[in-house]
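Asks: Structure in structure tokens, see below.
The values are calculated or read from the model by the stated rules, or taken from the named source; none is laboratory data. Not measured: the values here are computed from a predicted model. Note that each Cβ is placed from the backbone with ideal geometry, even for glycine, and that neighbours are counted across all protein chains shown.
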Amino acid sequence: MSSRRLILITGAAGMIGKQLQGYLRDRYRLRLMYHRTVLPAVGDDEIIVGDICDLPTVEKAVEGVEAIVHLAGDPKVDATFESVIENNIRGTYNVYEAARRHGKPRVVFASTNHVAGWYEVLKMYVTPEMPVRPDGYYGASKAFGEALGRWYSDAFGLPVICLRIGSYLDRPQNVRNLSTWLSPRDMAQLTWRSIESDVPFGIFYAISGNTRRYWDITATQQVLGYEPEDNAEDYASEILGGG
């Protein structure tokens, strides 16, 4: 039996999930939860197929794992209320509840910058301690996930890390991304540092070390030990037309 920890990734066929597998496979054994799109297993991967909105299925997926990276849900910023109720709110409840029932593995919850997106509309610098200020149903649903994780941590001792993910892209594509970019390898580092943290609960901005950032990653660096490898500024002249 491998000594590597068994980690569940929900939403494993999504943009982040597909790339994260490659970065984490050497470090952990992976149990990958798919819904409609199922990718081939690699090495000793375990595959679970089912709906995040079905609690018995999620319980089966969670049983025996040491951590959960919860990526499943509707990722669209303009998602409808009906969609986020099922995919983001019910689905996230199912993950926390299944974890509570099955050994309380650490949950790394894929939150979003849109939890506080209205501050960006107002051109304000944002720290994770500021009150949530979502910019739509999607951001509000992720704020619910953060709040529910806080309660599960306080009430049941479930360890939860919420990562407010920025613009996850292979490379920045526009002026906004010069501030908001999160590279795949920085996301991978944030994920394993969250898994291996002993923090009982925390909310952290998840972006690369961008010179122009307006979301505070001080706690991400000091508490999680995050050392970003990428900086969108390396692409600034290309994006701004200066080179």
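Asks: Of the residues I52, I68, I85, only one is among the hydrophobic types (A, V, I, L, M, F, W, C), within 19 Å of L190 (Cα to Cα) and modelled with pLDDT of 95 or more; which? Show your work before the answer.
Replies: Details: I52 fails: within 19 Å of L190 (Cα to Cα); I85 fails: within 19 Å of L190 (Cα to Cα).
On inspection, the qualifying residue turns out to be I68.
Asks: For the range 199-214, give me each residue that is over 16 Å from the mean Cα position of the chain (by Cα) and crowded, with 20+ Cβ neighbours inside 10 Å.
Replies: Selection gives N210, R213.
Asks: Something else about it: Could you list, in sequence order, all residues of the range 160-183 that are buried (at least 18 other Cβ atoms within 10 Å of the Cβ) and under 14 Å from N210 (Cα atoms)?
Replies: Going residue by residue through the range 160-183, those that are buried (at least 18 other Cβ atoms within 10 Å of the Cβ) are 160-168, 172, 177-183.
If the condition is that a residue be buried (at least 18 other Cβ atoms within 10 Å of the Cβ) and under 14 Å from N210 (Cα atoms), then I165, G166, S167, Y168, P172, N177, L178, S179, T180, W181, L182, S183 are the ones that fit.
Asks: Quick one: in the range 95-130, of everything that is aromatic (F, W, Y) and buried (at least 22 other Cβ atoms within 10 Å of the Cβ), which residue is nearest to P184 (Cα to Cα)? Spell out the reasoning first.
Replies: To start, the set of residues in the range 95-130 that are aromatic (F, W, Y) comprises 96, 109, 118-119, 125.
Restricting the remaining residues to those that are buried (at least 22 other Cβ atoms within 10 Å of the Cβ) gives 96, 109.
Values: Y96: 25, F109: 17 Å.
Among residues in the range 95-130 that are aromatic (F, W, Y) and buried (at least 22 other Cβ atoms within 10 Å of the Cβ), the one nearest to P184 (Cα to Cα) is F109.
Asks: Name the single residue that is surrounded by the fewest Cβ atoms within 10 Å (Cβ to Cβ) among those in the range 10-27 being assigned to a loop (DSSP other than H, G, I, E, B) and touching a Gly at 6+ places or on another chain (Cβ under 7 Å).
Replies: Result: R25.
Asks: So, one more: Any idea which of G225, G149, G136, G157 is buried (at least 20 other Cβ atoms within 10 Å of the Cβ) and under 24 Å from V69 (Cα atoms)?
Replies: Values: G225 fails: buried (at least 20 other Cβ atoms within 10 Å of the Cβ); G136 fails: buried (at least 20 other Cβ atoms within 10 Å of the Cβ); G157 fails: buried (at least 20 other Cβ atoms within 10 Å of the Cβ).
Every option except G149 fails the conditions.
Asks: If you go through the range 28-49 one residue at a time, how many are of a type in the set (F, W, Y) and either in contact with a Gly (Cβ under 9 Å, 6 or more places away or on another chain) or part of a strand (DSSP E or B) (or both)? Give the steps one after another, and end with the answer.
Replies: Start the filter on the range 28-49 by keeping residues that are of a type in the set (F, W, Y), which leaves 28, 34.
Then keep just the ones that are either in contact with a Gly (Cβ under 9 Å, 6 or more places away or on another chain) or part of a strand (DSSP E or B) (or both); that gives 34.
Residues in the range 28-49 being of a type in the set (F, W, Y) and either in contact with a Gly (Cβ under 9 Å, 6 or more places away or on another chain) or part of a strand (DSSP E or B) (or both): 1 in total.
Asks: Among the candidates I68, I7, I52, single out the residue that is assigned to a loop (DSSP other than H, G, I, E, B), buried (at least 19 other Cβ atoms within 10 Å of the Cβ) and aliphatic (A, V, I, L, M). Break it down into steps so the answer makes sense when it comes.
Replies: Working: I68 fails: assigned to a loop (DSSP other than H, G, I, E, B); I7 fails: assigned to a loop (DSSP other than H, G, I, E, B).
Result: I52 is the single residue among I68, I7, I52 that is assigned to a loop (DSSP other than H, G, I, E, B), buried (at least 19 other Cβ atoms within 10 Å of the Cβ) and aliphatic (A, V, I, L, M).
Asks: Within the range 94-105, identify whether any single residue is within 16 Å of D216 (Cα to Cα), over 18 Å from the mean Cα position of the chain (by Cα) and of a type outside the set (A, V, I, L, M, F, W, C), and answer yes or no. Explain how you work it out, then say what you get.
Replies: Within the range 94-105, the subset within 16 Å of D216 (Cα to Cα) is none.
Within the range 94-105 (the criterion being within 16 Å of D216 (Cα to Cα), over 18 Å from the mean Cα position of the chain (by Cα) and of a type outside the set (A, V, I, L, M, F, W, C)), the answer is no, since none of the residues qualifies.
Asks: Being touching a strand residue (DSSP E or B) at 6+ places or on another chain (Cβ under 7 Å) and touching a residue at least 12 places away in the same chain (Cβ under 8 Å) is the requirement here; does T180 meet it?
Replies: Values: touching a strand residue (DSSP E or B) at 6+ places or on another chain (Cβ under 7 Å): yes; touching a residue at least 12 places away in the same chain (Cβ under 8 Å): yes.
Yes, satisfied.
Asks: Let me ask you something else. Could you tell me which numbered condition M130 fails, if it satisfies all but one of (1) farther than 30 Å from A98 by Cα; (2) aliphatic (A, V, I, L, M); (3) under 20 Å from the mean Cα position of the chain (by Cα)?
Replies: (1)
Asks: Still on this structure: Within the range 1-34, can you find the residues that are more than 21 Å from G103 (Cα to Cα) and over 15 Å from the mean Cα position of the chain (by Cα)? Quick ask: steps written out before the conclusion?
Replies: Filtering the range 1-34 down to residues more than 21 Å from G103 (Cα to Cα) leaves 11-27, 34.
Scanning the range 1-34 gives G22, R25, D26, R27, Y34.
Asks: Here's something else I'd like to know. For the range 92-129, which residues satisfy the criterion of being in contact with a His (Cβ under 8 Å, 6 or more places away or on another chain) and not hydroxyl-bearing (S, T, Y)?
Replies: Keep residues of the range 92-129 that are in contact with a His (Cβ under 8 Å, 6 or more places away or on another chain), which gives 92, 95, 107-110.
Across the range 92-129, the qualifying residues are V95, V107, V108, F109, A110.
Asks: Only one of these conditions is not met by M187: (1) closer than 30 Å to S237 by Cα; (2) not in a helix (DSSP H, G or I). Which number is it?
Replies: Of the numbered conditions (1) closer than 30 Å to S237 by Cα; (2) not in a helix (DSSP H, G or I), the odd one out for M187 is (2).
Asks: Among (1) outside any helix (DSSP H, G or I); (2) in contact with a strand residue (DSSP E or B) (Cβ under 8 Å, 6 or more places away or on another chain), there is one condition D198 misses while meeting the rest; what is its number?
Replies: With (1) outside any helix (DSSP H, G or I); (2) in contact with a strand residue (DSSP E or B) (Cβ under 8 Å, 6 or more places away or on another chain) applied to D198, the lone miss is (2).
Asks: Related question: Just one of (1) within 17 Å of P228 (Cα to Cα); (2) in contact with a Cys (Cβ under 8 Å, 6 or more places away or on another chain) trips up G202, so point out which.
Replies: That leaves (1) as the condition not met.
Asks: Pull out all pairs, ordered by first then second residue, where Cβ-Cβ is under 6 Å, the residues are six or more apart or on different chains, the first lies in the range 127-141 and is farther than 18 Å from F109 by Cβ and at pLDDT 95 or above, and the second is hydroxyl-bearing (S, T, Y) and buried (at least 19 other Cβ atoms within 10 Å of the Cβ).
Replies: Between residues of the range 127-141 that are farther than 18 Å from F109 by Cβ and at pLDDT 95 or above and residues that are hydroxyl-bearing (S, T, Y) and buried (at least 19 other Cβ atoms within 10 Å of the Cβ), the close pairs are R133/Y119.
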